[in-house]
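Have a look at the structure below before the remarks.
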Amino acid sequence: MDSPVALSGEYLRSADPVFSDFIPPMQARRMGLLLKRAVVTSMDALSKSGISSPDAVITGTALGCMENTERFLGKICREGEEMLSPTDFMQSTHNTISSLIAIRTGNKGYNCTYSHGESSFGSALMDAMVQIRLGKISSALVGCHDETTPETFTVLSRAGYFSPMQNPATEISVSMVLYEDCGSALCELSSVKVIASSEDDDAIALEALSGTGYSLSDAMVITDRVSGPVFGRNLSLPAAEIYSAAHYVGEGRTPCAVVIGGSCGDERTVAVLVRIKP
């Protein structure tokens, strides 16, 4: 956060931790790469929040576990449908991520997955925020996890989503905990919504700040143009933008931040984060 490094190249994989430091090797062998990333970020977020088992596990993922999906489809093409292992199929579904996290945390409560392209994380975050404000839950683990495999990069490049003229294609796994008691929180999530708008960023930010008591000059505005050189281009970019905004507000670098994410798609995630008053 203090010294971000500008990315270069066309395609970059995630810089992963040593998974054996977090997951027993025998368990990790049965998990795809994205599942291991999701488990590590989730357990780390829960550890920092002091909540071992949240009331809800809510996940956003645009494409799910693509590594397992590709492996499953490849075996069908090569071997037919009669001798397939069920593991790749079970781990290829989008809700595998939330299910595995719930098992590891002993969570038997609300469990939901949103798969809405670049607005997946915005939808998951909005769900958690609404349920907390309605009093249905008091805490939620919210994550956004997507992987860009070499095959996925090739296919999406042909489709025009990735381009050599844009920021590098990347992949991101982000987890955060929302809870009602703000005692040890980084910041307050004032509002979040998913919109389809062609307005410029300033107009969207002004509307989002309405009623917060902050003006555009008070707020840090984070958009894809700002975050793209640091996080690259990927389907989970809004989650990384909200993650960085939460830290900037929580560390006192700005009293308020407006995140306008996913502007390269049809829908945009707009979130307002404000400093918690002592």
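Please treat every number below as a calculation from the coordinates, not as lab data. In this text, all values refer to a predicted model and were calculated from it rather than measured experimentally. So basically every Cβ, Gly included, is an ideal-geometry build from the backbone, and we count neighbours across all protein chains shown.
For the stretch 87-159, the orientation-averaged shadow of the C-alpha convex hull comes to 6.0 nm² (one quarter of the hull surface). The calculated P(r) of the chain, using every Cα pair and 10 Å bins from 0, goes 7, 29, 36, 22, 6, 1, 0 in percent.
Under a 10 Å cutoff between Cα atoms, tell me which one of Ala203, Ala102, Ala56 has the largest fluctuation in the Gaussian network model of the chain. Result: Ala203 has the largest fluctuation of those listed. Compared with the dominant principal axis of the Cα atoms in the chain, helix 237-250 is inclined by about 40°. A P(r) calculated from all alpha carbon pairs of the stretch 118-246, with 10 Å bins opening at zero, reads 11, 36, 36, 14, 3 percent.
Neighbour counts of other Cβ atoms within 10 Å put Ile97, Ile76, Ile222, Ile204 in the fewest-to-most order Ile76, Ile204, Ile222, Ile97.
Rounded to 0.05, the FRET efficiency of the Leu73 and Ser52 pair, given R0 = 35 Å and the Cβ-Cβ distance, is 0.40.
Helix 96-105 axis versus longest C-alpha principal axis of the chain: approximately 80°, rounded to the nearest ten. Over the chain, dividing the summed -39,500 (n - 2.57) contributions of all DSSP H runs of at least 4 residues by the number of residues returns a 222 nm mean residue ellipticity of -11000 deg cm²/dmol.
When both bridge partners sit in the chain, DSSP labels roughly 55% of those beta bridges antiparallel.
Going from the fewest other Cβ atoms within 10 Å to the most, the residues Cys144, Cys187 appear in the order Cys187, Cys144. Listed by chain and number, the lysines whose C-alpha is less than 25 Å from the C-alpha of Lys48, apart from same-chain residues fewer than 8 away, are Lys36, Lys108, Lys136, Lys277.
Distance between the pseudo-spin-label points of Ser210 and Leu7 (7 Å out from Cα toward the beta carbon): 3.4 nm. Angle of helix 120-133 to the longest C-alpha principal axis of the chain, folded into 0 to 90 degrees and rounded to 10: 60°. The separation of the stretch 205-278 from the stretch 59-105, counted between C-alpha centres, amounts to 33 Å.
Listed from fewest to most Cβ neighbours within 10 Å, the set Arg78, Arg133 follows the order Arg78, Arg133. For the residues Pro238, Pro168, Pro24, a GNM of the chain with alpha-carbon springs under 10 Å puts the largest fluctuation on Pro24.
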